[in-house]
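Heads up, the thing below is written out as structure tokens.
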Amino acid sequence: MMGITGGDTLNFAYKRVSTEKQDLRRQEEAFKGIHIDKEYCDKLTGKNNDRPQLSKLRLEAQEGDHIYVESISRLGKNVDDLRQIVQEFKDKGVTIHFIKEDLFVKFINSVENILEIDVSHIYVLAKHLMGLGLSPLELMALAKKVGFNNRRYLKNEKELFEFELEKLLQEKHGTESLSLDEYSLQKCPVAEQVIIANYSLDHKQRFVNVPSLIENYTFSNEVLILLQTTHERVKEYLKDQRKSKNTTAQH
């Protein structure tokens, strides 16, 4: 894996160990072959959770710079902390590279066709952590989970439904996707998510508890309203099309 260089942009490395017993050798191995201009390293001990080096990096990194971190767990202390840091760098135009792909990153990167997968608790959480919104197709895939039961047009007029939903998102939010930034994971209920389908393993190995945006009332209600409004727009569009055809046939 090679670093990205050129112009006045810089490649930073951020490393962190959580206890006195841990060392940096594994993280240093991960950075081999990457051009790094400057390193920042925090060593947390005991009750001291301060990250002075990360604070310096947050000030120094500028638009166009790249930050390399071994894994997601090295950057954030918890889910909300990680999301806040990633969003802060994203707003500055700084790109973060996680060298070791964590479960969330692997999951999102493996998805080729949204219609063939289940938009699950962990899927939506992954999008949230990566600072990504939900596309019209992803919102459509959540229909049943948010209580949208009249899926006639969603199924039979899929392309039209997607088109109208995209237009609605542009009107309401000024973007073609639904941003997840405004929904705090701390206010989300916890849901069990299966991560391994091997039934020979015990329950604790097969399942993980994750914050569920899908079960957050504010989020699910917003998705439901978007789908209901889109349904009515598709209904009116098709009604107008039928009227137009009938008028043309009479002439």
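Evaluation of PHE107 against the conditions (1) of a type in the set (Phe, Trp, Tyr); (2) assigned to a helix (DSSP H, G or I); (3) at pLDDT 90 or above shows that the sole unmet condition is (3).
Evaluating ASN49 against the criteria (1) under 27 Å from LYS127 (Cα atoms); (2) modelled with pLDDT of 90 or more leaves one unmet condition, (2). Selection of the stretch 83-94 for residues being out of contact with any helix residue (DSSP H, G or I) (no Cβ under 8 Å at 6 or more places or on another chain) and either modelled with pLDDT under 70 or not in a loop (DSSP other than H, G, I, E, B) (or both) yields GLN84, GLN87, LYS90, ASP91, LYS92. For the stretch 209-219, state whether one or more residues are in a strand (DSSP E or B), modelled with pLDDT of 90 or more and surrounded by 18 or more Cβ atoms within 10 Å (Cβ to Cβ). Within the stretch 209-219, none of the residues are in a strand (DSSP E or B), modelled with pLDDT of 90 or more and surrounded by 18 or more Cβ atoms within 10 Å (Cβ to Cβ). Within the stretch 69-82, the set of residues being modelled with pLDDT under 70 and under 25 Å from GLU138 (Cα atoms) comprises VAL79, ASP80.
The values are calculated or read from the model by the stated rules, or taken from the named source; none is laboratory data. Just so you know, these numbers come straight off a predicted model, no measurement behind them. With ideal geometry, Cβ positions are generated from the backbone for all residues, glycine too; neighbour counts draw on all protein chains shown.
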